[in-house]
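Student: My questions all concern the structure below.
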Amino acid sequence: MQVEEALAYLNGARQAGRLAQGYVIEGPLRGEATQLARGLLSLLFCGEDDVPCGACRACRQVSERTHPDILWLEPQKKSRQISVDQIRDLQSRIYQTSFGGGWKAGVIVGADRMNPSAANAFLKVLEEPPGESMFLLLTEAPQFLLPTIFSRCQRLAVGADAVQLPEAWRDQLVELLVGCGDGYIEGSRIVAVERNSARLQALLKEVMQVATDHEKETADEESVDESRDTLDARIGARYRELRASILRALMGWYRDIFLLLCGGDPSLVYFADQLDVLTARANALSYREALANVATVEAMNRKLEQNLPEPLVLTDAFHQLR
Ligand SMILES: [Zn+2]
């Protein structure tokens, strides 16, 4: 969904008095997710008749993050986590009377970075939210949010998933996926499976390198005596975040094939530049096989989140993919 579409939908809900008290906003934190959060907050807080005007004091305070009735939470720099103390602070402030006499809002940027005790504390707030309060949970990795939090929030996804992937990684992934079919034609399925798994592992190795370099660089600026454990935890978190973007794109590929097979609108595919290949694949598969592929990638994601050994999980998935 585009940000404008989502905002039009939310404005309709506002006018009908049917806004939810919690929204999980999935999308790039430095892009669409934050844009949508700002837009929604302007809808709530703008003082003009034709909201959001974008120019009044409240609208300016929203975009500058200085509005007294909005609390923004971000992961702590060192741990890259949102702590229970931050949630307690949010909790005490959300129950205070609002400055403007209206809404109060809490925005959690990178909500998947809540550690377990923070997530549980937040769940308590969501279970008994004060009236005229709203919580926005911004995330690029919704799979790391507690299901109990999800069930109390409405979910909005903005921005095209595949676009988030850096060009070089996207190219490698496309090359791999396009090649997936060739291997089967060659006849030697085992060889093809091993090759595809190895290719994806090589890509993930690159991803790990990027995560490591990035976290080491930022570590130097902040503190020299950061413990090895904290650094490892940050590298691990960053890696999983980046890996999730690869896996979302991988999922996009099999969803595209399934969509085309079901007669869906070709303008809706993620890999628009690969429409010919996708259409050929869709034509070669049965409905059941295409659906099984989507389920296989979903299962693969779950296993990786459970920290099962990557090479094993990937090879197993490629064995099943058709
Ligand atoms: Zn305004």
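No lab work stands behind these numbers, since they all come straight from the coordinates. No experiment lies behind these values; they were computed from the predicted model shown. Positions of Cβ are generated from backbone atoms using ideal geometry, with glycine treated the same way; all protein chains shown enter the neighbour counts.
Student: What are the residues in segment 1-42 that are in a loop (DSSP other than H, G, I, E, B) and either within 16 Å of the ligand (Cβ to nearest atom) or among the small types (Gly, Ala, Ser) (or both), if any? Walk me through how you get there before you give the answer.
Tutor: Step one: filter segment 1-42 for residues in a loop (DSSP other than H, G, I, E, B), giving 1-2, 16-21, 27-31.
Of everything in segment 1-42, those that are in a loop (DSSP other than H, G, I, E, B) and either within 16 Å of the ligand (Cβ to nearest atom) or among the small types (Gly, Ala, Ser) (or both) turn out to be ALA16, GLY17, ALA20, GLY27, GLY31.
Student: Show me the strands (runs of 3 or more DSSP E) found entirely inside segment 43-147 where at least 2 residues are among the aliphatic types (A, V, I, L, M), surrounded by 18 or more Cβ atoms within 10 Å (Cβ to Cβ) and under 20 Å from the mean Cα position of the chain (by Cα).
Tutor: Details: elements: 70-73, 104-109, 133-139.
Per the criteria, 104-109, 133-139.
Student: Within segment 238-268, can you find the residues that are in a helix (DSSP H, G or I), touching a Phe, Trp or Tyr at 6+ places or on another chain (Cβ under 9 Å) and closer than 14 Å to LEU285 by Cβ?
Tutor: Within segment 238-268, TRP253, ARG255, ASP256, PHE258, LEU261 qualify.
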